[in-house]
1. How do the peptides 49-58, 69-78 rank, highest first, by the average count of neighbouring beta carbon atoms within 10 Å per residue?
2. Among Lys26/Lys100; Lys71/Lys100; Lys34/Lys74, which pairs are too far apart, with a Cα-Cα distance over 25 Å?
3. Which value, in Å² rounded to 10, gives the accessible area of Asp105 with a 1.4 Å probe and all protein chains present?
4. Which peptide among 25-31, 95-101 comes first, and what is the full order, when sorted by highest mean count of other Cβ atoms within 10 Å?
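The values are calculated or read from the model by the stated rules, or taken from the named source; none is laboratory data. Please read these numbers as outputs of a predicted model, since none were measured by experiment. Here the Cβ positions follow ideal geometry from the backbone for every residue, glycine too, while neighbour counts run over all protein chains shown. Heavy atoms of the whole protein, side chains included, go into the accessibility calculation; ligands, DNA and RNA do not. Shrake-Rupley method; radii C 1.70, N 1.55, O 1.52, S 1.80 Å.
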Amino acid sequence: MSAAVQVTVVVFKGLLNVAGKNDDLKVTVTEVLKGTAVTAAATLCGGLILGPPGLAVGGMIGGTVAYAMSKPYKPVGQILNEMNERQRQQLVEAAVSEAKKLGIDLSAVAVDILDSTVAPDLIVQIILRALYLRSNAGWDFPHQQVDETDP
């Protein structure tokens, strides 16, 4: 299992364990699972009927239907920000517990992620995005400038 998949499984299982104790998180997890099922089913049908282009068509249709069917819910980041320190600690403990049950060495996963050639760029993008979202300063992400005068 790849490091990213392992981390995803651990976080998801931790969220499910804590979701039973947090109504907002329970609604979020439930709505996301329903939306994922609808989108996956439509993508599957599209791919079976139209081949590879059907994956894109089915995914777009499924995603749109899932969005239309969903009830309002808070994103996990917002819920985490609204949690008190004790609730956050319970979430961390649940995630660590799930990792141990699955036999996942979180320190090895962290090393795998940090050794990745993609991780440094991803970390920089995450930091820049967080700064951008918090700043409201109107600056944009750095990107490659196109020199229109260069032939």
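1. Values: 49-58: 13.6, 69-78: 11.8.
Listed from highest to lowest mean packing, they are 49-58, 69-78.
2. Lys71/Lys100
3. Accessible area of Asp105: about 90 Å².
4. Numbers: 25-31: 17.6, 95-101: 15.7.
Packing proxy ranking, top to bottom: 25-31, 95-101.
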